[in-house]
């Protein structure tokens, strides 16, 4: 797949992801280019006009063709040792939101992000760029059926918490010293009815402002901070 931007490509190089070719308008003395060349990666130098045509968005003068990002199996991750914290994303279709959620997930040490095969933004260059390279360090799980996955998680004693506005309970009511899965819904419609019904409980983020909702990626960051900070407290 194609990715672009200094942070994503730096992380790909550091993580030793297979990189087939780097395209750049940067100098051969740039640290990223020097690192790519030291790994015997093919580097194609292009002028800025050609780079702008080939790569959309803020490419920062560098792009690359890299190995696709892989998914882990649900069974593999739920059976890992240690306290777990999952994010499950129900119909998050905006790649900017998905990328931002990946960045927060990496920052707060999320065990894995669970994505549905359908009704989800695909892992594309925009997601990778917005994640600022965090995608290299976050485990991803792709599933066919979120509802069935939720039932599987319950069988493994993982408490499934849905974030929703239509409840009186708040994040502060959640007991955090256990395995958790936070479920976030679509940017406009929220959680689908069956997903909402299958959650063990629904909570909302307490707010004092006149606008009663947050962007889903902001909600993810707030919720993760709350859980992680109370676990460490």
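List of remarks:
- The residues on offer are 98, 115, 32, and the sole one that is closer than 18 Å to residue 224 by Cβ and part of a helix (DSSP H, G or I) is 98.
- Verdict on residue 78 being more than 20 Å from residue 127 (Cβ to Cβ) and crowded, with 21+ Cβ neighbours inside 10 Å: yes
- All of (1) in a helix (DSSP H, G or I); (2) under 22 Å from the mean Cα position of the chain (by Cα); (3) crowded, with 19+ Cβ neighbours inside 10 Å hold for residue 91 with one exception: (1).
- Search result, residues across segment 11-25 that are surrounded by 14 or more Cβ atoms within 10 Å (Cβ to Cβ) and modelled with pLDDT under 95: 11, 12, 13, 17
- If the condition is being in a strand (DSSP E or B) and either assigned by TED's automatic domain parsing to the domain that holds residue 161 or within 14 Å of residue 2 (Cα to Cα) (or both), then segment 45-71 contributes 62, 63, 64, 65, 66.
- Tallying residues that are buried (at least 17 other Cβ atoms within 10 Å of the Cβ) and touching a residue at least 60 places away in the same chain (Cβ under 8 Å) within segment 143-159 yields 5.
The values are calculated or read from the model by the stated rules, or taken from the named source; none is laboratory data. Everything quoted here is computed from the prediction, not taken from an experiment. Positions of Cβ are backbone-derived with ideal geometry, glycine not excepted, and every protein chain shown enters the neighbour counts.
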